[in-house]
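The values are calculated or read from the model by the stated rules, or taken from the named source; none is laboratory data. This one's a predicted model, so the numbers in the text were calculated from it and none came from an experiment. Cβ coordinates were reconstructed from backbone atoms using ideal geometry, including for glycine residues, and neighbour counts include every protein chain displayed.
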Amino acid sequence: MKSIRSDLAKQILQLVEKRMKTHPHQIVENIISSGNVIIEQDGAPKQLYFILQGKMKIFHTTLKGREYLMAMAGPGELVGEVEILTNENHICSVKALTDCRLGVVGKTHYLEWLREDHSFSLLVNQSICFRLQKISARAAMHLIYPLEYSVLKYIKDAVQASPDQKLCVSKKELAEYLGTSPRSINRIIKKLEEQELLSVSRDVLRVVSMDFLERFLLVHEH
């Protein structure tokens, strides 16, 4: 669920750390405890946040109170940058999943930084485009393929990106990310366990055979 590439995140993080030294009055370091919400859906944009350490959840809440997980954000990622540029109210909320260290930048200083530093502007544009590409691909997948495919594709990508080849995610979070109900996720996970594609222990998912999983995905793709 990571929203931008790790190389982009690393480069942005390096520029932010450098800016904090050269322009300390423009970036305020802030420590946020797990569970705190730093951006409220429908709130007016006043500042943006660079995640220096920790993990945050970006989610949208419907009028009926149902949450849809849009992305997880980690070190080197920005949150709130789009609404600063469009001057529209925030369409998502952002909540700390762990204790986080943030670099907080006001709107005026952020726009000034974009104008004067072309390398930084390019990295921000690349991160926004990458995030939009991921969202578009996910939307297309939901329209074209059955839910079972979406679950397997997400698990495959997440496990391959994990150093220990396992995925720590609750079924509720998986349901929010895929825009479905926990009951549907439970049914699919149980079926995949019976087919010996996955093994599940609490909130840890492991792929039993990546080759078998990939062949299973190919059946849906063709």
Inset, instruction - Identify all residues within segment 10-47 that are surrounded by 16 or more Cβ atoms within 10 Å (Cβ to Cβ) and in a loop (DSSP other than H, G, I, E, B); write none if there are none. - result: Gln26, Pro45
Inset, instruction - Collect the residues in segment 15-24 that are within 17 Å of Gln53 (Cβ to Cβ), of a type outside the set (A, V, I, L, M, F, W, C) and either in contact with a helix residue (DSSP H, G or I) (Cβ under 8 Å, 6 or more places away or on another chain) or modelled with pLDDT of 95 or more (or both), keeping them in residue-number order. - result: Arg19
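For segment 113-125, what are the residues that are touching a residue at least 24 places away in the same chain (Cβ under 8 Å) and not aromatic (Phe, Trp, Tyr)?
If the condition is that a residue be touching a residue at least 24 places away in the same chain (Cβ under 8 Å) and not aromatic (Phe, Trp, Tyr), then Asp117, Ser119, Leu123, Val124 are the ones that fit.
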Inset, instruction - May I ask you to list pairs of residues, at least six apart or on different chains, whose Cβ atoms are under 6 Å apart, with the first in segment 126-155 being closer than 25 Å to Val207 by Cβ and the second being among the hydrophobic types (A, V, I, L, M, F, W, C) and in a helix (DSSP H, G or I)? - result: Glu148/Ile188; Ser150/Met141; Ser150/Leu178; Val151/Ile188; Leu152/Leu217
Inset, instruction - Return the total of residues in segment 68-94 being over 15 Å from the mean Cα position of the chain (by Cα) and either under 22 Å from Tyr154 (Cβ atoms) or assigned to a loop (DSSP other than H, G, I, E, B) (or both). - result: 4
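Residue-by-condition table, conditions (1) touching a residue at least 60 places away in the same chain (Cβ under 8 Å); (2) assigned by TED's automatic domain parsing to the domain that holds Glu176; (3) farther than 30 Å from Lys172 by Cβ:
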position: Gln11; (1), (2), (3): yes, no, yes
position: Gln14; (1), (2), (3): no, no, yes
position: Ile31; (1), (2), (3): yes, no, no
position: Gly35; (1), (2), (3): yes, no, no
position: Asp42; (1), (2), (3): no, no, no
position: Tyr49; (1), (2), (3): no, no, no
position: Arg66; (1), (2), (3): no, no, no
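Quick check on my filter: what residues within segment 95-109 are closer than 16 Å to Thr22 by Cβ and within 22 Å of the chain's Cα centre (by Cα)?
Restricting attention to segment 95-109, the residues satisfying the condition of being closer than 16 Å to Thr22 by Cβ are 103, 105, 109.
Gly103, Val105 - these are the residues of segment 95-109 that are closer than 16 Å to Thr22 by Cβ and within 22 Å of the chain's Cα centre (by Cα).
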Inset, instruction - Could you check Asp203 against (1) out of contact with any Ser or Thr (no Cβ under 6 Å at 6 or more places or on another chain); (2) loosely packed, with under 14 Cβ neighbours inside 10 Å; (3) over 17 Å from Tyr68 (Cα atoms) and say which number it fails? - result: (1)
